[in-house]
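Shown next, in structure tokens, is the structure this report addresses.
Every number in this text was worked out from the coordinates using simple rules, so none of it is lab data. If you're wondering where the values come from, they're calculated on a predicted model, not measured in any experiment. Cβ sites come from the backbone with ideal geometry, for glycine too, and all protein chains shown count toward neighbours.
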Amino acid sequence: MNVTYISNLVRSEGDPKVLRSGPSSLGTADQLAKALGWFSLALGAAEIVAPRRFTRALGMEGSEGLVRAYGFREVAAGLMTLSPDKTTGLWSRVGGDALDIVTLLSGLRHDNPKRANVACALSMVLGVTLLDFVGAKATAARHTRSKGQRRLYHDRSGFPKGLQAARQARRKLPTQSRSPSLAPSSAA
Amino acid sequence: MRALVWHGKEDIRCDTVTDPEIEDDRDAIIKVTSCAICGSDLHLFHNFIPAMLPGDIMGHEMMGEVVEVGSGVNGKLRKGDRVVVPFTIICGECEQCKRGNFSVCERTNRNKQIADKVFGHATAGLFGYTHLTGGYPGGQAEYVRVPYADATHIKVPDSLTDEQVLFLGDIFPTGWQAAAQCDIEPTDTVAVWGCGPVGQMAIRSAILLGAEQVIAVDRIPERLSMAEAGGAITINFDQESVVERLNDLTGGKGPEKCIDAIGMESHVTPSQPDTILDRAKQMMMLESDRPHVLREMIYVCRPGGILSIPGVYSGFADKVPMGQLMNKGLTIRTGQTHVNRWTDDLLHRIEEGEIDPSFVITHTVGLEQGPEMYKVFRDKQDSCIKVVLKP
């Protein structure tokens, strides 16, 4: 039972309650962005809280400060990816992925005993980069303003008698239509 | 029945839900014939306003036919009556209602205890607009229960189409109140930020109320073209400085009256760095609102002028220049719309052919297309300005 059905508990007897859900306004691209946003938050939190685990696993001891900084970057990108500005969030993740790749490449040196782990991490980051890139392109395409027809509305004045007649229509506001400061205090 | 239901951030679905039932003697059930997506629904779509729950039915602009009434409606509404439902639920009897301050009705918010804690004092119940304002199911549905229906309705004649009268429930009186509370004088320049549906109504209202000059600020060409058609001089803030152009158009003195028809989600753009800072803070929950327009209005408004704010703000806005506001002696007037205060007059103006609010409708679709239309409207795709849904 999901939250939608649990929330029926707070509704009054005569309020409508959900029986069956229809298709969501969230498209596949939005769902992907949402998943990547939460992933970003989780990874960022882990990097902030336990940077040593990362550096130890990657043979990059001494870089804890850098990992923690990357953690804050991940959290910021995650928040943006989960917000209505998801495309910007995903492109910022792509940029972050590039930084991660460059950093990991420096760990691929021959004297690193955890070189295999670094290679494994690198392949994962490359996979996530691909997802971020695809997600950014897809959300940009889905939410671009240029979708659909371009129309101008120069013919929609809203004044059936014309603009000139509307400009001359000024008349005294009726008593009940005055601004609050002028409203009569009939309750007194 | 079918209804557009909020399931989370940017997640609206056309669900099958149980039919609403009469709960109180003063309730009525309305079969919805037309409803609309409002700009303020987008704040809920983005989850920027707290206290939405998955399963909440959206929508606060609707009209239809009365199909059932409670015994306490006392003949003020009968089966078959055609009504527009105002977005503010009013009792018509409390001290505020008697003063015409309908949007702060003292009785209709059924979550008064929570609202008292959050706002200091509760405001009126609203349809489809979070549990802070009563958690009442909205009208983007086939049927809606209207509480306090004997007071919460606007009867409309059969001679007018749904499209002509639907907006009496929200955006037309909202734009009208925004202009009316500017106390417009015949020599005034009124500047309107935002050419969405409320901005368009505010522009036309300012014209009808006799402003000498109305200036509209936006960046979307189709919205600016509609503003121009309504009699406004337009400023595209992507192409020119709003402050410089407003000063040019007013002999260097600034507009006497400024209307913020944007609210908490002003556009983020590198040419206005404060918008980027606001967006970052909003994302990190350090600030709930992005008040760029408010800052700009305070800066450019002529000393002694009036700032009217129909745009929705939800909580806390940073860096509002109180020094400029105070020293320039500006007056701020704001609030949710006291819909029923204005509707008799506005309905009369529609009947007389003075204005036809249907000009703003760009898309009319079935209810099942509602979830997709939230996206189209939010992303301003397909030159979308106003969506009407037919359940």
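If I fit a long axis through the Cα atoms of helix B:339-351 and take the longest principal axis of the Cα atoms of chain B, what angle between them do I get, 0 to 90°, rounded to 10?
90 degrees
Could you tell me the distance between the Cα centroids of region A:127-152 and region B:50-80, to the nearest Å?
Distance between centres, Cα-based: 39 Å.
Which value results for Rg/Rh of region B:256-391 when Rg is the Cα radius of gyration and Rh the Kirkwood radius based on the inverse mean 1/r?
Values: Rg = 18.2 Å, Rh = 17.6 Å.
So for region B:256-391, dividing Rg by the Kirkwood Rh gives 1.03.
Find the centroid of the Cα atoms in region B:347-391 and in region B:148-196, then give the distance between the two in whole Å.
Each part's Cα centre sits 15 Å from the other's.
Antiparallel as a % of all DSSP beta bridges within region B:37-168, to the nearest 5?
Around 90 percent antiparallel, to the nearest 5.
Quote the Stokes-Einstein diffusion coefficient, in whole µm² s⁻¹, for chain B, based on the Kirkwood radius over alpha carbon pairs, a temperature of 20 °C and a viscosity of 1.002 mPa s.
Calculated translational D: 102 µm²/s.
Show me B:376-383, B:155-162, B:56-63 ranked by packing, highest mean number of other Cβ atoms within 10 Å first.
So the peptides B:376-383, B:155-162, B:56-63, ranked by packing, come out B:56-63, B:376-383, B:155-162.
Quick check on chain A: helices-only [θ] at 222 nm, where DSSP H runs of length 4 and up contribute -39,500 (n - 2.57) each and the sum goes over total residues. Nearest 500, please.
-18500 deg cm²/dmol
Quick one: if the Förster radius is 22 Å, what FRET efficiency do B:ASP158 and B:LYS79 give, using the C-beta to C-beta distance and rounding to 0.05?
0.90
Give the residues of region A:1-37 whose amide nitrogen is closer than 17 Å to a point set 7 Å from the Cα of A:LYS137 in the direction of its Cβ.
Backbone N within reach: A:28-30, A:32-33.
Give the aspartates and glutamates whose C-alpha is closer than 12 Å to that of B:LYS79, dropping any in the same chain fewer than 8 places away, or say none.
B:GLU65, B:GLU68
Any idea what angle helix A:115-143 forms with the longest principal axis of chain A, computed on alpha-carbon atoms, 0 to 90 degrees, nearest 10?
Roughly 20 degrees, rounded to the nearest 10.
Go through B:GLY329, B:CYS14, B:GLY92 and say which Cα lies farthest out towards the positive end of the charge dipole of chain B; charges sit on Cβ, +1 for Lys and Arg, -1 for Asp and Glu.
It is B:GLY329.
Across the protein assembly as shown, what fraction of all alpha-carbon pairs, as a whole percent, falls in each successive 20 Å bin from zero upward?
20, 51, 24, 5, 0
Between the alpha-carbon centers of region A:1-60 and region B:213-244, tell me the distance in whole angstrom.
40 Å
What's the average, rounded to a whole number, of partner chain beta-carbon atoms within 10 Å of each residue's beta-carbon in B:217-230?
Taking the mean over all residues of the peptide, I get 4.
Using 7 Å Cα-to-Cβ label points, what is the B:GLU372/B:SER71 separation (nm, one decimal)?
About 4.8 nm, to one decimal.
Just want the ordering: B:LYS253, B:LYS79, from fewest to most Cβ atoms lying within 10 Å of their own Cβ.
B:LYS79, B:LYS253
Inside 10 Å of the C-beta atoms of B:1-14, what's the mean count of C-beta atoms belonging to other chains?
On the way: counts 2, 2, 3, 2, 5, 2, 8, 5, 6, 11, 6, 5, 9, 5.
Whole-number average of other-chain Cβ neighbours for B:1-14 is 5.
Could you compute Rg(Cα) / (2.2 N^0.38 Å) for region B:173-334, with N its residue count?
Scaled against compact globular proteins, the figure is 0.95.
What's log10 of I(q)/I(0) for region B:87-131 at q = 0.13, 0.31 Å⁻¹, Debye sum over Cα points only, no solvent?
-0.23, -1.10
Could you pull out which residues in region B:112-134 have an amide N less than 14 Å from a spot 7 Å beyond the Cα of B:PHE316, following the Cα-Cβ vector?
none
When you look at the Cβ of every residue in B:189-200, what mean number of other chain Cβ atoms sits within 10 Å?
Rounded to a whole number, the mean comes out at 0.
Charges on Cβ only, +1 for Lys and Arg, -1 for Asp and Glu, centred on the Cα centroid of region B:173-334; of B:ALA227, B:TYR313, B:THR275, which one is farthest towards the dipole's positive end?
The one lying farthest along the dipole's positive direction is B:TYR313.
Of A:SER24, A:SER157, A:SER63, which is the most mobile in a GNM of chain A whose springs link Cα atoms less than 10 angstrom apart?
Among A:SER24, A:SER157, A:SER63, the largest mean-square fluctuation in the Gaussian network model of chain A belongs to A:SER157.
Any idea what the relative contact order of chain A is, in percent, if you count C-alpha pairs under 8 Å spaced at least 6 apart?
Normalised by residue count, the contact order of chain A is 18 percent.
So if I take the alpha carbon set of region A:27-141, get Rg, then get Rh from the Kirkwood formula, what is the Rg over Rh ratio?
Using only Cα positions, Rg/Rh for region A:27-141 is 1.00.
How large is the dipole of region B:173-334 about the Cα centre if only Lys and Arg carry +1 and Asp and Glu carry -1, each at its Cβ, rounded to the nearest 20 debye?
240 debye
Once you have the Cα-Cα distance between B:ARG219 and B:GLN113, take 0.36 nm times their residue separation minus that, and quote the gain in nm to one decimal.
34.0 nm
Could you pull out the pairs from B:LYS98/B:LYS155; B:LYS155/B:LYS390; A:LYS114/A:LYS137; A:LYS17/B:LYS390; B:LYS9/B:LYS98 whose alpha carbons sit more than 28 Å apart here?
Among B:LYS98/B:LYS155; B:LYS155/B:LYS390; A:LYS114/A:LYS137; A:LYS17/B:LYS390; B:LYS9/B:LYS98, the Cα-Cα distance tops 28 Å for A:LYS114/A:LYS137; B:LYS9/B:LYS98.
For region B:73-202, what does the convex hull of the Cα positions come to per residue, in cubic angstrom?
154 Å³
GNM on chain A, C-alpha springs below 10 Å: top fluctuator among A:ARG20, A:ARG93, A:ARG115?
The residue with the greatest mean-square fluctuation here is A:ARG20.
Among DSSP beta bridges lying fully in chain B, give the percent that are antiparallel, nearest 5.
Rounded to the nearest five, the antiparallel share is 55 percent.
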